[in-house]
Structure formats: C-alpha cells, structure tokens
Amino acid sequence: MISNWNYGDAYLRHPCDQGEIAFADGSMAKSCDLTREMPDFMKRADLLFIDPPWTQSNLSAFYAKAGLICEIEYPAFLEALFERIAQIAPNTCYVEIGKEYLPETVISMRKLFHQVTFYNSYYYHRSHNLCYVVRGGKKRPRARLDGLDEEEIIEWICKNETYSCIGDLCMGRGLVGVNAFKNNKPFVATELNHRRLSVLLEQIIKLGGAYKKV
C-alpha cells in the first residue's frame with residue numbers, strides 16, 4: 001500500500017524511516033509502531049502529552065496514511081498506549097481524546113495517577129471541533145485550561161509545567177516537539193508515520209536546531 005499523504009514532501013528532504021534521530025539539544029525521535037516497540041529513550045520523559053487516534057476509523061486512517069494496514073482493534077490499541085505510559089511512569093501525563101472513549105481514558109488514567117481531571121477543548125481553532133484533554137498527575141493542576149484550543153494547551157504545558165523532558169508517543173507533525181524546543185526543553189517522541197515525523201525535523205531545522213541519524 002502506498003500512501004498519498006506526503007505532507008509537503010518533507011520526508012524527501014529529511015528522511016527518517018529507519019533508525020533513531022538525535023537532536024543537538026539531546027532530544028530523540030523514532031518512527032515506529034507503539035503497539036510493537038518503544039525505544040528506551042522514551043523513559044526519559046517525566047511529562048507526556050499524547051494525541052492518539054480517537055476511534056477505530058481514526059486509527060485505521062492513521063495506518064492507511066502511513067502506507068500500512070491496521071491489524072489492531074481500538075480497545076487493544078488504547079490498552080497498549082496505557083501500557084507504554086505505565087512503562088514511562090511520568091510525573092504528569094496529558095491525553096487528548098474524543099467523546100467516545102473519554103470514560104475509558106479517564107478510568108485508565110486513574111489507575112496510574114492520584115489526581116485526574118479533564119478539560120473541554122477543541123482543535124484546528126474551530127470551536128465546533130470538540131475534544132477533551134485528560135490530565136493525570138501526582139499533584140493538582142496549577143491552571144484552568146477549559147475552553148482552550150489544543151494548540152494553546154500544548155503551548156501552555158511546554159512553557160509552564162515543571163519537567164525535565166517532555167514525551168509524545170504520537171508526535172504527528174511535531175506540535176509538542178516544536179513547543180518544547182521553543183522553550184529550551186528536550187523532547188522524546190515516537191510516530192507511526194515517518195512522513196509526518198519528517199515535518200518535525202524540518203521545523204526544528206528552520207528554528208535553528210540540528211539533528212543526526214543514529
């Protein structure tokens with residue numbers, strides 16, 4: 001299967017379909033399937049923000065855009081995601097999710113974190129695109145983030161949360177990584193689709209960063 005989703009052909013300028021990527025500031029990234037593997041560098045993260053697929057159709061579309069066939073049912077994917085979060089054991093974790101699996105996400109977060117809450121949010125700066133950002137942590141949240149666009153929430157987290165390294169298991173085109181870089185904080189990331197991950201590499205280069213393939 002060949003994907004027609006090339007994301008501006010960044011993958012031709014910054015290919016990352018094999019091996020790990022090491023950035024000059026100590027950040028790390030790799031294109032891989034989180035249900036099958038997780039690089040050890042992900043355990044460096046003491047803060048997570050993850051925007052995974054929200055439904056079975058969404059999950060299947062993510063695999064299709066990566067030129068892959070989805071062979072996992074959504075409940076099993078969600079279980080695998082939280083197994084990875086448990087392995088990383090961050091102090092604080094944010095998971096963005098839609099309405100359909102909000103209850104399951106909250107329940108899974110409560111198994112890992114003492115304090116769990118969620119915020120009403122939206123995406124693409126369109127108020128009718130509703131979603132939720134579930135936060136789990138050892139302490140109560142310091143800010144009220146209700147009603148903010150997901151991008152604004154990520155910007156606030158990268159700027160204001162207390163952390164040494166932020167991680168994202170579904171980095172996509174790099175919103176978390178770019179905001180961490182802008183705040184002089186390292187990040188670690190995995191992403192199923194290497195074409196999407198290449199967009200992050202290109203953005204970091206444009207911001208003055210550098211990387212090498214490991």
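Observations, loosely collected:
- Sequence-distant contacts, meaning Cα pairs under 8 Å at least 6 residues apart, place the relative contact order of the chain at 32 percent.
- Dimensionless Rg over Rh [the chain; C-alpha; Kirkwood]: 0.93
- With at most 15 other Cβ atoms within 10 Å, longest stretch of the chain clear of loop trypsin sites (Lys or Arg not before Pro) (DSSP): 145-214
- Debye intensity ratio in log₁₀ form over the Cα atoms of region 62-182, taken at each q of 0.15, 0.16, 0.17 Å⁻¹: -0.74, -0.84, -0.96
- Pairs exceeding 20 Å between alpha-carbon atoms, taken from Lys43/Lys185; Lys185/Lys212; Lys99/Lys139: Lys99/Lys139.
- Pairwise Cα distances in region 1-66 exceed 13 Å in 76 percent of cases.
- Taking each DSSP H run with n ≥ 4 as -39500 (n - 2.57) and averaging over every residue of the chain yields -9500 deg cm²/dmol at 222 nm.
- Take the Kirkwood radius over Cα pairs of region 28-120, plug it into Stokes-Einstein at 25 °C and 0.890 mPa s, and you get 174 µm²/s for translational diffusion.
- Cα gyration tensor, region 120-200 - rounded (a/c under 1.5), prolate or oblate: oblate
- Accessible surface for the chain, divided over its residues, is 50 Å² per residue with a 1.4 Å probe.
The values are calculated or read from the model by the stated rules, or taken from the named source; none is laboratory data. The model shown is predicted, which means the values in this text are computed figures rather than measured ones. Glycine also receives a Cβ, built like all others from the backbone with ideal geometry; neighbour counts cover every protein chain displayed. The area values use the complete protein model at the heavy-atom level, side chains included, leaving out ligands, DNA and RNA. Shrake-Rupley method; radii C 1.70, N 1.55, O 1.52, S 1.80 Å.
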